[in-house]
Amino acid sequence: MHVNLDFQLGAGDGDFKVVSANLPEKLESWLGEEEEEVTFYPFLLILEGGAKGKQFCWMPYWHVVGKEARYGQHAVCLDHAQFDSLIAQVKDNELEPASASV
């Protein structure tokens, strides 16, 4: 499968191959405004594109409110190495309290 994305701020755009598409095993739901059920669908897609076949992680999401789907407009897109670095930090600090200040 391929997706065509239009990234802003000179990040590039074009046709990307979907290497992997994932959803959490358990989706989160809650009662929103007007007592409608809201379900959160966070995706993790590994995409490949460009001349060098560079892989990166794209994290779009959807909210379904009642029966209406609403796309997440602020999907994160990270280079695969950046994503791996963040995951490694989480794994290294799983048993330690957070100490870094941002």
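Considering (1) open to solvent by less than 80 Å² (accessible area, probe 1.4 Å); (2) farther than 17 Å from Met1 by Cβ; (3) not in a loop (DSSP other than H, G, I, E, B), say which one Pro24 fails and leave the rest. Every condition holds for Pro24 apart from (3).
Cβ-Cβ distances below 9 Å connect no pair with a first residue in segment 75-102 that is more than 30 Å from Gly53 (Cα to Cα) and of a type outside the set (D, E, K, R), a second residue that is assigned to a strand (DSSP E or B) and at pLDDT below 75, and a separation of six or more residues or different chains.
Looking across segment 57-73, the residues that are open to solvent by 90 Å² or more (accessible area, probe 1.4 Å) and at pLDDT 85 or above come down to Trp62, Lys67, Glu68. Scan segment 32-56 for residues that are among the charged types (D, E, K, R) and surrounded by 15 or more Cβ atoms within 10 Å (Cβ to Cβ) and the total you get is 1.
The values are calculated or read from the model by the stated rules, or taken from the named source; none is laboratory data. Note that the structure is predicted; figures quoted are calculated from it, not measured. Note: ideal-geometry Cβ built from the backbone for every residue, glycine included; neighbour counts use all protein chains shown. Please note that ligands, DNA and RNA were not included when accessible areas were found on the heavy atoms of the full protein model with its side chains. Shrake-Rupley method; radii C 1.70, N 1.55, O 1.52, S 1.80 Å.
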